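The values are calculated or read from the model by the stated rules, or taken from the named source; none is laboratory data. On a predicted model such as this, the values are computed, not experimentally measured, just so you know. Here the Cβ positions follow ideal geometry from the backbone for every residue, glycine too, while neighbour counts run over all protein chains shown.
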Amino acid sequence: MDIARARADTPGCTEVVHFNNAGAALMPQAVIDAQIGHLQLEARIGGYEAAEAAGDRVEACYDSIARLLNCSREEIALVENATVGWCLAFYAVDLQPGDRILTTEAEYSSNYINYLKVARDKGAIIDVVPSDASGQLDIEALEGMIDGKVKLIAITHVPTNGGLVNPAAEVGRVARANGILYLLDACQSPGQITLDVEAIGCDFLSATGRKYLRGPRGSGFLYVRKDLLKTIEPPMLDNHAAVWTARDQFELRGDARRFENWEFNYAAVLGLGASVDYALSWGIDAIEQRVVSLAGNLRSALVEIPGVTTTDIGASKCGIVTFTKDGMEAPELRAALRAQNINVSNSTIKSTRIDMERRGLSDILRASVHYYNTDEEIERLCAAVAAL
């Protein structure tokens, strides 16, 4: 990969050392231009008129995301963020008293809170699949937990707190074999990991634009398997998702856009489309290889620093690297690095309570690499951590 070009395309690389890509990555100039250009057009000719003028480019966003996921454009809905997409899918599942939800120990808090809500409101049952020795979801344990009451398997592909990549395709194999709906939270996956929904076998996949896709905040998408559209309805509708056909009748759209609503931030949509096109132009396989390599280099360098302990788990690891340092709280360490123009974040027990409790962790530092990062930046980060 031409890293010099990637960095030249990224204005933020001249300002900061950015290891917070799992939070919000630095946008390339093409994404910035797509958003600002549309905002300027709205200012000149009006919001509705600008959306109409950009209609072909908005439609192209669906094609780009479909290429990213290996699906059809009819299976893509554009949403405000990954949580909105996930909730739209989750609440479209008709859970009844006694229905079981199977999830992971490293499940994200926003998802688990909604499991707790349907357990309280509807009497659904939450069952957590144990992790195997590597820390990933245990497929054999999952298979042993399947019975006629399991209505949904819902997992986080890349958890927020430890490098782990859960075995999404293996979970899909179990779900398909047993006719169980499968919801994959892929918030941290697109842009750093190759995603093929046919190979994964999921029924729903939710994702955001701001992380490894390097798109704008306030953008995301939801994949809904085409066959499901015959039977599943979103939890809320408007006159974009459905048509009012008679005084006492309405008709749902035939595609995944029934999960959208009428009002869009079109500048963000166009920025999302530009970010997907930009990622595809580099090749997701090439991005994944470089991200995994850089993350491996960072882990190796961190373990050489006295007092530093890495906390990553999983048989397969991604670009998220987590660690602690003796004598320093993670927020204190993050602030000290930020003062040196090095961006990192921290992950707390509030985000992944079951996994963090299991491992005896409460707060860890998170440095998430992307392909535009360099080994020199890794050296700078490690030197700063060692000196604190």
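Listed values, structure above:
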{"read-out": "Condition check for THR352: of a type in the set (Val, Ile, Thr) and surrounded by fewer than 17 Cβ atoms within 10 Å (Cβ to Cβ)", "value": "no"}
{"read-out": "Subset of region 126-163 (residues that are polar (S, T, N, Q) and either exposed (fewer than 15 other Cβ atoms within 10 Å of the Cβ) or farther than 22 Å from CYS187 by Cα (or both))", "value": "SER134"}
{"read-out": "3 or more residues of a type outside the set (Ser, Thr, Tyr), in contact with a helix residue (DSSP H, G or I) (Cβ under 9 Å, 6 or more places away or on another chain) and modelled with pLDDT of 95 or more: qualifying strands (runs of 3 or more DSSP E) within region 194-282", "value": "204-208, 220-224"}
{"read-out": "Region 7-66, residues that are under 17 Å from ALA274 (Cβ atoms) and polar (S, T, N, Q)", "value": "THR10, GLN29, GLN35, GLN40, SER64"}
{"read-out": "Subset of region 314-347 (residues that are out of contact with any helix residue (DSSP H, G or I) (no Cβ under 8 Å at 6 or more places or on another chain) and β-branched (Val, Ile, Thr))", "value": "THR322"}
{"read-out": "Residues (touching a strand residue (DSSP E or B) at 6+ places or on another chain (Cβ under 8 Å) and either over 28 Å from THR348 (Cβ atoms) or assigned to a helix (DSSP H, G or I) (or both)) located in region 130-145", "value": "ALA141, LEU142, MET145"}
{"read-out": "From ASP121, ASP94, ASP127, residue being assigned to a helix (DSSP H, G or I), in the same structural domain as ALA168 (by TED's automatic domain parsing) and over 17 Å from the mean Cα position of the chain (by Cα)", "value": "ASP121"}
{"read-out": "Test result for ASN297, more than 30 Å from LEU388 (Cα to Cα) and surrounded by fewer than 19 Cβ atoms within 10 Å (Cβ to Cβ)", "value": "no"}
{"read-out": "Residue list for region 273-294, restricted to those being closer than 14 Å to LEU213 by Cα, among the aliphatic types (A, V, I, L, M) and buried (at least 17 other Cβ atoms within 10 Å of the Cβ)", "value": "ALA274, VAL276, ALA279, ILE284, ILE287, VAL291"}
{"read-out": "Of the criteria (1) in the same structural domain as THR194 (by TED's automatic domain parsing); (2) under 27 Å from ASN261 (Cβ atoms); (3) outside any helix (DSSP H, G or I), which one ASN114 fails", "value": "(3)"}
{"read-out": "Selection count where residues are among the charged types (D, E, K, R), surrounded by fewer than 15 Cβ atoms within 10 Å (Cβ to Cβ) and within 28 Å of GLY163 (Cβ to Cβ), scope region 1-44", "value": "3"}
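Listed here are the residues, each with its yes/no results for (1) touching a residue at least 60 places away in the same chain (Cβ under 8 Å); (2) more than 30 Å from ASP63 (Cα to Cα).
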| site | (1), (2) |
| --- | --- |
| ALA279 | yes, no |
| VAL292 | no, no |
| CYS318 | yes, no |
| GLU332 | no, yes |
| ILE349 | no, yes |
| ILE354 | yes, yes |
| ARG359 | no, yes |
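This table checks each residue for (1) of a type in the set (D, E, K, R); (2) surrounded by fewer than 24 Cβ atoms within 10 Å (Cβ to Cβ); (3) out of contact with any Asp or Glu (no Cβ under 8 Å at 6 or more places or on another chain); (4) part of a helix (DSSP H, G or I).
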position	(1), (2), (3), (4)
GLU357	yes, yes, yes, yes
LEU365	no, no, yes, no
ASN373	no, no, yes, no
VAL385	no, yes, yes, yes
